[in-house]
1. Across the range 173-195, which residue is surrounded by the fewest Cβ atoms within 10 Å (Cβ to Cβ) among those that are within 24 Å of residue 273 (Cα to Cα) and of a type in the set (Lys, Arg)?
2. For residue 176, which of the numbered conditions (1) among the small types (Gly, Ala, Ser); (2) closer than 22 Å to residue 290 by Cα; (3) not in a helix (DSSP H, G or I) fails to hold?
3. Name the single residue that is surrounded by the fewest Cβ atoms within 10 Å (Cβ to Cβ) among those in the range 311-347 being of a type outside the set (Gly, Ala, Ser) and assigned to a loop (DSSP other than H, G, I, E, B).
4. Can you tell me which residues in the range 131-172 are of a type in the set (D, E, K, R), within 20 Å of residue 342 (Cβ to Cβ) and surrounded by fewer than 19 Cβ atoms within 10 Å (Cβ to Cβ)?
5. Can you name the residue in the range 113-130 that is in contact (Cβ under 8 Å) with a residue 60 or more places away in the chain, over 21 Å from the mean Cα position of the chain (by Cα) and not in a loop (DSSP other than H, G, I, E, B) and, of all such residues, is surrounded by the fewest Cβ atoms within 10 Å (Cβ to Cβ)?
6. Find the helices (runs of 4 or more DSSP H) located wholly in the range 1-112 whose residues include 2 or more that are exposed (fewer than 13 other Cβ atoms within 10 Å of the Cβ) and modelled with pLDDT of 80 or more, and list them.
7. What number of residues within the range 209-232 satisfy the criterion of being touching a residue at least 40 places away in the same chain (Cβ under 8 Å) and either on the phi > 0 side of the Ramachandran plot or in a helix (DSSP H, G or I) (or both)?
8. Would you check if there is a residue in the range 239-254 being under 23 Å from residue 161 (Cβ atoms) and surrounded by fewer than 16 Cβ atoms within 10 Å (Cβ to Cβ)?
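The values are calculated or read from the model by the stated rules, or taken from the named source; none is laboratory data. Note that this is a predicted model, so its numbers are computed, not measured. In this analysis, Cβ positions are derived from the backbone assuming ideal geometry, glycine residues included, and neighbour counts consider all displayed protein chains.
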Amino acid sequence: MTVESQVSSKAVDRTKFKSTFGRVFWYVFLRLLTLFATVVVGIYLTIMIANMGGYVDNIMRSQIRERVNTQLNSSITFKLMDSDKRKAMVNERIALEEQRLGLNTPFVIRSFRFLSRALTLNLGNATYMTADSGSRQVRLILTERLPPTLLLMGTSQLLLFVLSVIIALNLSRKYGGFWDKVTIALSPTSAAPPWFYGIFLILIFAAVLRVLPFSGMLDVPPPDSKWLYTLSLLKHLILPAGSLVISGFFLSIYTWRTFFLIYSSEDYVEMAKAKGVVDRDIERRYILRPTLPNIVTSFALSLIGIWTGATITETVFIWPGLGRTLYTAIGLFDVPVIVGDTIIFAYLLAITVFVLDIVYVLIDPRVKVGG
């Protein structure tokens, strides 16, 4: 190779590198910008919906007026005052309470202030709810309820995911068999929500058989021994986790079975079979690998779904997790808690989507960043 050709080859390589780097850089930049804009819009819509466009302010003002009147009317001194002084005192107390809650500022202005604080994860204080320590900080309220939800949702979702993929792969080998038909027939049972199955499990195993507790996370009082504490925790976990697994079990198997069947009928799979490739190698190379992006996506979304918890299921089982906290916050119109929970989920979702874009490139050679 001549010197001129070497120089020309190096110049071409540099040009390709710059072109690839520029494409990747702009893709990452635009992707992050798009995801951030989506998060901003999603959070602001959550603020507007949680406040019912400002209507919650009217509800809170009515509650403040009723609470102040109740408190003052219980005082004998207040009753002895003349009507003008009583009215002035009531209005003064109401004004102070509205100022404390920020209701003296127009909702539109407060919504943008709330948005700016939310984007920096400054979640502020709850209106009514408190943490176990007595603090009103939304951050503490959510972090206290996170471990129970991680335990419940993490256990159930991981168990559901692993079992459904393994069973679906086995069913795809025996297409049209007895168990394949049973799975298809039972897949509509996943239309019922987890709490529906939870009620039946409570009736059977707690009320009738009396082998498992009705609700809660631990025995009362909690056991002192670590072994007994763990045993009590597992005993209380069985019914709520079981209801979550049962609810999505057959539909999840049916979904993955369909994916595996689609890829197992491809021409290259038939050719591999004709060449005498072992069945396990065919599954690993030609069926599992093409479906890997779908598997990774489903698993990643299941992981971030853990944050939201199972709102009604946790409430049915009195499980002290994020789902029950969100249910309570909605009932109390505690907007900071509702928005705080949504903010963290929105960031987790955006980060997961961005990371998945990179993971797709690593596991699937057909995908190129910015391509």
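1. Filtering first and then ranking leaves 174.
2. (2)
3. 318
4. Residues satisfying the conditions are 136, 139, 144.
5. So, considering only residues that are in contact (Cβ under 8 Å) with a residue 60 or more places away in the chain, over 21 Å from the mean Cα position of the chain (by Cα) and not in a loop (DSSP other than H, G, I, E, B), the one surrounded by the fewest Cβ atoms within 10 Å (Cβ to Cβ) is 125.
6. 3-50, 55-73, 83-100
7. 1
8. no
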